[in-house]
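For reference, the structure is listed below as structure tokens.
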Amino acid sequence: MLLSRLLLVCMLFNALFVTEQARAQVIFSDNFNDQSYTNFHWDQSGGNAYYYSGQAAESGFGVGIGPATYIYTIQNVPSNVESVQVTFWFRVGHNSFSSRPRNQSSFHLYWDGVGDAFSSWYIVEIHRGSSGAGSIQTLTIDIPSERVAEQNYLLFYNQGNRGYYHIDNVVISGTLGQQLDHFSISNTSSSNASVCAPHEVLIEAKDASNQTLSDFEGDVEISTSTGNGDWSMPNANSRFSAIGSDSGRANYRFASSDNGQLRLRLSNEHAETLTITVRDPAGSVSSTSGSITFSENAFVTEYNDSLNEDIIAYRSHGLRITMMKRDSNGECGAAQNYTRSGVYVRKAPLSGDPGGLDPQLVYGASTSSVSNSFAQLPISFSQGVANVQLLAQDVGRYRLDFEDRSNSFSDSTIQGQSADLSIRPFAFSVNVPGSSSSMLATAPVFRKAGEDFPATVSAVGWQPSDDVNNDGIADGHNDNDPLNNAVLDNNPVLRSFGTEGPNNTVVLSSRSLAPLNPNHQDLSGDTTAASFSNGSSSIDIAYSNVGIMEIDLALGQSTYLGGSATAANRLLGRSGAIARFIPDHFVVQNADLEPFCSASSLTHMGQPFDVRADITAVGRDGRTLDAYHGDFAKLSDASGQREYGAKPLAGSLLSGRVEAVSETLLFNRGQASLHAALRLNKDSLPEIALRDVQLGLKLTDSDGVNISGSSLNLDLGSSGSAEHSLLGSSDFYYSRLFTESRHGPETSDLPVPFEIQSWAGHSFLRNESDSCSLIERADVSFASTGTLDVPANLQATIAASSTLAGFIDLQATHIRFEEGTAGLVFSAPGSGNRGQVEIRVDYTQLPWLSHDWNQNSIADDVQLPDAIARFGTLRGHDLLVYWREKAQ
């Protein structure tokens, strides 16, 4: 609470909280302390909104919002705000004065940009219902950036017919982007220049933490303290204009494409000392450089190299040093008579230099290190010119100062300097231990999607074999072919990278190499390497999808140590193929088991039944792995393992009893629909019905990926762990098809049993739950007529008459059983017409109703013993109605 108060006080005084990249600004605040019922500083209220003192807020007053009440305010948001937050004190009503909300009450914050014309409010529910009466909170709600316009509505609304809510200390604050604080004017501090050559000046827009504002836009005015000099711009554009001749003035309009940098050249024919001022007239920001001394005799350096000012560690860069002079006639040029051998040279560190290894100068057959102190080096000049090679062995930012103290050509020391040198790494390398560089779907498994793995990022120096075309970019590291990358593992590591001021970072991103074009292919974890030691940073990252990917590395800043944006854009790195990523687990959803007879949840043992489920390959973050398809999907109806188990709700595991008759499973972009026909096979002996048998699925692809532990809900293993996912449940019956012979008088209809029977523990009884079974009419026949798919064969001759077979549900091609019976009845042939009908049943197509009719201890007989319906053959005893043979 104390922290909240301190933050609130700061916001009410419009304090700015500055970070490296952004700062917070209060856009609007109101704590209602100075409000009265009639003096409402909000734009409008509706319903019964009122101010109320006492315990509403610690500041003394709050706003009570009663049933169907709203208050709102309209506020402008600065255009440079990157995000908006609304913070407020809030309490739920709880007493007789501010009644407790009822269940139908709800309290919301509404936000909308006025430009939206209320087309789509951004709505956040703060509280609902009667719970939490009297509770107090300070809430902060982030408003999505796409909902913020120049003018915005903030509205609090109580939707309900009873109850009150209270708010106070409302603050709308915004997080501003980088702000211009000053201009950095480089190559000027204690500088020496020649009146005969332009002097290069680098101007950078900086924030308060001295970071270059890469998106800075705006006008600047440039001037010299003496009012002398002419400004020019390499590769000038229409946004640059020099004002007058020899006035020292120029204007420039920064665009975002400048990355916050402006490189100019100042020519000044006056031998004098001056300073440069850069001013932002819009923001009244003004910065002045150190002094620059223009001399008639001075050393001037220029690049004699294809990369110009792009200086790379461990690559030799040509520098031409010229002793420029202006003679008595005012003519400028190289001093043709200057043949000095031996000048003093030093390295002058500039802002941001990490103080790394000293560079070397190579001239002729000699090589010398250049330290921060002047040392005489035997550099030879011919006709006023010396050509040397600069070889930097570390990153840094400095200039080279030259002095001739011999007084042999001039009666005073001749001075000069190079332009500011920004020495960058050649490239970034990343080492990922244990990874294969294979591009094949058969590559060894490296990690699961979303699983952390270690990597080492290093800033490395140049080697000629890695830059054959000499363009300053590691060969193959700026294209999308992972197989042509120059190997950087043996390049020298630049020990000072990451210790510059301000420190530089390396940003890592990833892209899928195979399969191509997944919806997500990003990295998580330490995706910005920021902590370097001896030029390397150890990080932990994770990749979001499956397959083969490549890591791309780039500088985290738009420029490096004041160098050009072009040079920074050349600073790249590619990992090459990293393989192979697999799913973290599978998720089974929408599982469904279709019992043979859904109405009674009945399936016969050995009878196929359908199961369906949606299966998704996911990473550790729960995202669907849409690259899991094709050869990279290691689970299908032809690969991986699908195991099915069964267990009654109250009973033991039915080990090995579930068999897949058919399966269809094919992944497409990380998702698959499983459709399988299963059966629960019969045991060797009849068994009583198994009730509520749960069917479970265990999936394991060929990489060993299985169902997540969080999605498992059926324990089918002996270990006690839940390794299957529930598909559904059914009752299973050990059943048979049954018929038997019957006798009766020819004057009465004769019913003949034709039933589905299930084992009841002591005998087989008709299964009255089965009203779904069917048998084809072609599989039932009468010996005297033929198969019953011919309608005429239902009528059989009995003596001088006939009998007609009837069934409960005789369909066009099938006979349906109802409550376990087909209802077979033969009509009476009439008095004196005696005879019989032999009934034959072949149920090869219904093997789950097989039985051990031949008593060989194998219940695989699928043809019933013939049954006989006999009319009037035996009169029998007058007290007997039917005579029947003993059942087998």
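No value in this document is a laboratory result; all are computed from the given coordinates. Source: prediction; values computed, not measured. Glycine also receives a Cβ, built like all others from the backbone with ideal geometry; neighbour counts cover every protein chain displayed.
Observations, loosely collected:
- Among 858-867, 194-203, the order from most to least packed when residues are scored by Cβ within 10 Å on average: 194-203, 858-867
- The chain - charge dipole about Cα centre, Lys and Arg +1 at Cβ, Asp and Glu -1, debye rounded to 20: 1040
- Theoretical FRET efficiency, 1/(1+(r/R0)^6), r = Cβ-Cβ of Ala660 and Ser702, R0 22 Å, to 0.05: 0.80
- Under 19 Å from Lys206, Cα to Cα: aspartates and glutamates that are on another chain or at least 8 residues apart: Glu20, Glu82, Asp181, Asp215, Glu217, Asp219, Glu221, Asp258, Asp280, Asp353, Asp420, Glu500
- With neighbours defined as other Cβ atoms within 10 Å of a residue's Cβ, the residues Arg405, Arg742, Arg580, Arg424 order from fewest to most as Arg405, Arg742, Arg580, Arg424.
- Remark: spin-label model distance Leu649-Ala760 equals 2.3 nm, labels positioned 7 Å along the Cα→Cβ axis.
- Residue-wise HN-Hα coupling along segment 257-262, computed from phi with Karplus coefficients 6.51, -1.76, 1.60 (Hz; x: Gly, Pro): 5, 6, 6, x, 10, 9
- Close amide H partners of Gly535, meaning residues 5 or more places away or on another chain with modelled amide H under 5 Å apart, are Phe497.
- Separation in nanometres of the label points that stand 7 Å from Cα toward Cβ, at Ser524 and Arg253: 4.5
- Gain upon complete extension [Trp853, Arg612; 0.36 nm per residue less C-alpha separation]: 83.2 nm
- Only Cα pairs under 8 Å and 6+ residues apart enter the sum, and on that basis the relative contact order of segment 354-395 stands at 55 percent.
- Approximating the spin labels as points 7 Å out from Cα along Cα→Cβ, the Gln137-to-Ser245 distance works out to 7.4 nm.
- One chain, two ends: Arg691 and Ser238. Fully extended at 0.36 nm per residue, the span grows by 154.5 nm beyond their Cα-Cα distance.
- Axis of helix 2-12 versus longest Cα principal axis of the chain: the two differ by about 60°, to the nearest ten degrees.
- The amide H of Gly64, built 1.01 Å from its N in the peptide plane, has Tyr50, Tyr51, Tyr52 as neighbours under 5 Å, considering only residues 5 or more places off or on other chains.
- Sequence-separation-based contact order of the chain, relative, with Cα cut under 8 Å and 6+ spacing, percent: 6
- The packing ranking of peptides 386-396, 444-454, highest mean first, is 386-396, 444-454, where packing means the average number of other beta carbon atoms within 10 angstrom of each residue.
- Sequence ranges 411-421, 827-837, 655-665, ranked by mean other-Cβ count within 10 angstrom, highest first: 411-421, 827-837, 655-665
- Answer label for Rg and Dmax of the Cα atoms in Å (calculated), chosen among (1) 41.0, 161; (2) 36.3, 119; (3) 45.2, 158: (3)
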